[in-house]
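In what follows, a single structure is set out as C-alpha cells and then discussed.
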Amino acid sequence: SLAELASDPPIARTWLLGVLNTMSVVLSYLWSRDIGGRSLGFVTALLYATSPWAIFFGRQPWVNAQPMLTSLMLLSATRVVALRQRRWSWPFFIALGLQMQTHLLGAVLVLPAVITVMVFFRSWGWSIAPGAVILALINLPFAAHVVEQRDSVTQTFTAGTTLATNTPLATPRLLGWFVSGIGIESKFVEGAEAFKPLALMQSLAGAALGVSLVL
C-alpha cells in the first residue's frame with residue numbers, strides 16, 4: 001500500500017524505497033552501536049548496506065518494509081533485553097505483527113521472536129500480554145484469509161515441501177542461498193548476466209559466511 005500511494009509520479013516510489021532502505025541501515029547502526037560502540041556500528045551498517053539480500057528485498061515494492069521492520073525488531077529486542085528499556089517492546093511487537101502483512105517470510109521470524117521473549121521473559125514483563133494482543137489484531141485479517149483459502153494453501157505447501165525434500169543437497173543449497181545470496185541471480189527477470197563476472201567472489205563470500213554461521 002505504501003508503494004501504491006507513492007506511484008504518481010513514478011519517481012516518488014524510488015524515493016520511498018530509498019528512504020526505507022536508508023532507515024534500515026541507520027537502525028542497524030544504532031543496534032550495533034548499543035552493543036559495541038560507534039566503530040562496530042559503522043562496520044555493521046556497512047555490511048548491512050552491501051548485503052545481497054538487503055539490496056534484493058529493498059528494490060521490490062511488495063516487500064519494501066521487510067528489511068526496515070527486521071532491523072527495528074532487532075534493535076527493540078536488544079534494548080529491552082540488554083538495556084532494560086521496556087518501552088521498546090511496543091515497536092518490537094508492532095514490527096513483528098506487520099512482518100506477515102509485508103511478506104509471508106515474516107513467519108520465519110516468529111520462532112526466534114518467541115524464544116527471545118520466553119528466555120528473557122523477566123525483561124519483557126507485563127508487556128508480553130498487550131504484545132500478544134497487538135500481534136493477534138494485526139494478523140487477524142490475514143489469518144481469516146488463510147482459513148478461507150486453506151485448501152489452496154495446504155495444496156501449495158505440500159507441493160513445495162515435496163519438491164524441496166526430493167532435490168539433492170536441498171538443505172545446504174537453501175542455507176547457502178539465504179546466508180550468502182549465492183544463486184540469487186536465478187530470481188532476476190533481467191540483469192542476471194551482470195553477476196557472471198562476480199561468480200568467484202560470490203563463492204568466496206558464500207564460503208566465508210557459511211563458516212562464520214557454523215562458528
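The values are calculated or read from the model by the stated rules, or taken from the named source; none is laboratory data. The shown structure was predicted, so the numbers you read here are calculated from the model rather than taken from an experiment. When we count neighbours, we look across all protein chains shown, and the Cβ atoms used for this are built from the backbone with ideal geometry, even at glycine. For accessibility, only protein heavy atoms count, side chains too; no ligands or nucleic acids. Shrake-Rupley method; radii C 1.70, N 1.55, O 1.52, S 1.80 Å.
Which residues, counting only those in the stretch 1-24, are among the polar types (S, T, N, Q) and surrounded by fewer than 13 Cβ atoms within 10 Å (Cβ to Cβ)? Reasoning before the result, please.
Our first condition is that a residue be among the polar types (S, T, N, Q); within the stretch 1-24, this holds for 1, 7, 14, 21-22, 24.
Correct list: S1, S7.
Look at the stretch 72-92 and say how many of its residues are assigned to a loop (DSSP other than H, G, I, E, B) and at negative phi.
Of all residues in the stretch 72-92, those assigned to a loop (DSSP other than H, G, I, E, B) come to 82-85.
Checking the rest, the ones that are also at negative phi come to 82-83, 85.
Residues flagged as assigned to a loop (DSSP other than H, G, I, E, B) and at negative phi within the stretch 72-92 amount to 3.
So which of R79, R84 ends up being of a type in the set (D, E, K, R), over 14 Å from the mean Cα position of the chain (by Cα) and either farther than 22 Å from G125 by Cα or surrounded by fewer than 17 Cβ atoms within 10 Å (Cβ to Cβ) (or both)?
Details: R79 fails: either farther than 22 Å from G125 by Cα or surrounded by fewer than 17 Cβ atoms within 10 Å (Cβ to Cβ) (or both).
Matching residue, one of R79, R84: R84.
Under 8 Å by Cβ, and 6 or more places apart or on different chains, what pairs join a residue from the stretch 190-202 that is over 15 Å from T50 (Cα atoms) with one that is exposed (fewer than 10 other Cβ atoms within 10 Å of the Cβ)?
A192/S186
From the list L74, L27, which residue is at pLDDT 85 or above, open to solvent by 40 Å² or more (accessible area, probe 1.4 Å) and either under 18 Å from Q101 (Cα atoms) or aliphatic (A, V, I, L, M) (or both)?
Details: L27 fails: open to solvent by 40 Å² or more (accessible area, probe 1.4 Å).
Exactly one residue qualifies, and that residue is L74.
Which of the following residues is modelled with pLDDT of 80 or more and either over 22 Å from the mean Cα position of the chain (by Cα) or not charged (D, E, K, R) (or both): L140, L198? If you could, list the steps in order and put the result at the bottom.
On the way: L198 fails: modelled with pLDDT of 80 or more.
None of the others qualify; the one that does is L140.
Please work out which residue is nearest to the chain's Cα centre (by Cα), limiting yourself to the stretch 30-42 and to residues that are at pLDDT 90 or above and open to solvent by 50 Å² or more (accessible area, probe 1.4 Å).
Top of the filtered list is W31.
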